[in-house]
Amino acid sequence: MNSTQPDDPLADAAYRDVPAEAGGRAGRTWWDANAGEYLAEHGDFLGTADFCWCPEGLREADAGLLGDLTGARVLEIGAGAAQCSRWLAARGVDVVATDVAHGMLAAGAGYDRPGHPPTPLLQADARALPFADASFDVVFTAFGAIPFVPDAVRVHREAARVLRPGGRWVFSVTHPLRWAFPDDPGEHGLTASRSYFDRRPYVETGTSGAVLYAEYHRTLGDHVAELAAAGFVLERLVEPEWPEGHERTWGGWGPVRGRLLPGTAIFVTHR
Ligand SMILES: C[S@@+](CC[C@H](N)C(=O)[O-])C[C@H]1O[C@@H](n2cnc3c(N)ncnc32)[C@H](O)[C@@H]1O
């Protein structure tokens with residue numbers, strides 16, 4: 001990641017501990033400041049109304065990880081420009097998309113097609129959702145919220161709270177194994193260079209000393225422990241394989257590493 005904040009240019013990028021409040025706050029400010037740049041780079045891959053779980057290109061239309069959504073009320077957290085929710089809404093699903101960054105949601109509002117009902121969007125931190133208990137059947141996110149908060153168990157607890165008993169919580173994140181390797185899609189990214197067990201976040205700092213960007217690592221065991229602490233049962237851990245002929249790189253994801261290492265982990269759970 002490279003931060004674009006003209007008033008506070010990038011001064012340092014490192015794996016290091018920072019105060020939790022500063023790290024969590026950057027999860028909003030970075031995405032607000034960089035929504036345009038992010039979507040300029042990845043928007044064509046993500047589409048405007050498409051449900052893609054990961055850079056491997058696994059789509060909900062093929063994977064069906066959310067299950068049968070007939071009559072279901074669905075919540076997306078960390079929705080970004082809400083491409084996934086827009087795809088669901090176009091199929092008649094009752095869905096609301098939330099994200100902490102107004103900049104991402106505003107970009108999403110621009111994706112709605114004139115003459116069609118707007119995708120329901122709401123600004124909300126996934127750690128404090130403005131919904132009643134047991135008001136959804138499914139909660140999901142594709143790479144939203146969890147990597148950007150120091151306290152992911154709060155996200156899981158909020159998902160559990162707003163889900164009805166038996167409700168489904170599905171989320172994708174960078175595969176934890178990737179954290180042991182350089183974030184490079186080429187040959188250099190094939191040699192482990194740091195400990196998988198080093199939980200310090202990747203942090204970018206501005207010349208002012210402010211935390212501009214923070215991304216948090218959890219081992220597979222950490223994810224499972226946090227899910228269990230929030231009362232979820234893990235049904236499946238999906239590790240999408242890199243498809244033959246898929247040449248597109250996204251940051252550290254690409255065909256060179258994709259052939260050898262998992263890049264994404266998708267947790268399919270229920271309350
Ligand atoms: C990689 S994007 C994922 C969104 C979309 N699926 C995509 O692929 O573009 C990460 C999103 O997480 C959001 N986010 C970060 N921290 C959050 C939080 N505490 N609560 C809700 N959303 C958060 C960001 O604003 C950003 O839109």
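Read-outs: derived from the displayed coordinates by stated rules, not from any lab. Please read these numbers as outputs of a predicted model, since none were measured by experiment. In this analysis, Cβ positions are derived from the backbone assuming ideal geometry, glycine residues included, and neighbour counts consider all displayed protein chains.
Observations, loosely collected:
- Residue match in region 236-248 (condition: more than 30 Å from Phe136 (Cα to Cα), within 20 Å of the chain's Cα centre (by Cα), surrounded by fewer than 16 Cβ atoms within 10 Å (Cβ to Cβ) and not hydrophobic (A, V, I, L, M, F, W, C)): yes
- Taken together, the criteria place Leu177 among residues that are touching a residue at least 60 places away in the same chain (Cβ under 8 Å), in contact with a Phe, Trp or Tyr (Cβ under 9 Å, 6 or more places away or on another chain), surrounded by fewer than 17 Cβ atoms within 10 Å (Cβ to Cβ) and closer than 22 Å to Ala152 by Cα.
Okay, residues lined up against (1) in a strand (DSSP E or B); (2) more than 20 Å from Asp151 (Cβ to Cβ); (3) aromatic (Phe, Trp, Tyr); (4) touching a Lys or Arg at 6+ places or on another chain (Cβ under 6 Å):
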residue: Tyr196; (1), (2), (3), (4): no, yes, yes, no
residue: Val203; (1), (2), (3), (4): yes, no, no, yes
residue: Leu212; (1), (2), (3), (4): yes, no, no, no
residue: His217; (1), (2), (3), (4): no, no, no, yes
residue: His223; (1), (2), (3), (4): no, no, no, no
residue: Glu235; (1), (2), (3), (4): yes, yes, no, no
residue: Glu244; (1), (2), (3), (4): no, yes, no, no
residue: Glu247; (1), (2), (3), (4): no, yes, no, no
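- Of the helices (runs of 4 or more DSSP H) that lie entirely inside region 1-91, those containing 3 or more residues that are under 23 Å from Ala265 (Cβ atoms) and within 15 Å of the ligand (Cβ to nearest atom) span 20-46, 83-90.
- Neighbours by Cβ (under 9 Å, 6+ apart or cross-chain): first from region 56-85, touching a residue at least 40 places away in the same chain (Cβ under 8 Å) and farther than 24 Å from Val100 by Cα; second away from the ligand (no atom under 16 Å from the Cβ) and part of a helix (DSSP H, G or I): Glu56/Gly258
- Scan region 46-65 for residues that are closer than 18 Å to Glu235 by Cβ and aromatic (Phe, Trp, Tyr) and the total you get is 1.
- Taking first residues from region 15-27 that are touching a residue at least 24 places away in the same chain (Cβ under 8 Å) and partners that are in a helix (DSSP H, G or I) and not β-branched (Val, Ile, Thr), the Cβ contacts under 7 Å between residues at least 6 apart in sequence or on separate chains come to Gly27/Phe148.
- Identity of the residue in region 109-158, part of a loop (DSSP other than H, G, I, E, B) and among the basic types (Lys, Arg), that ends up farthest from the ligand (Cβ to nearest atom): Arg113
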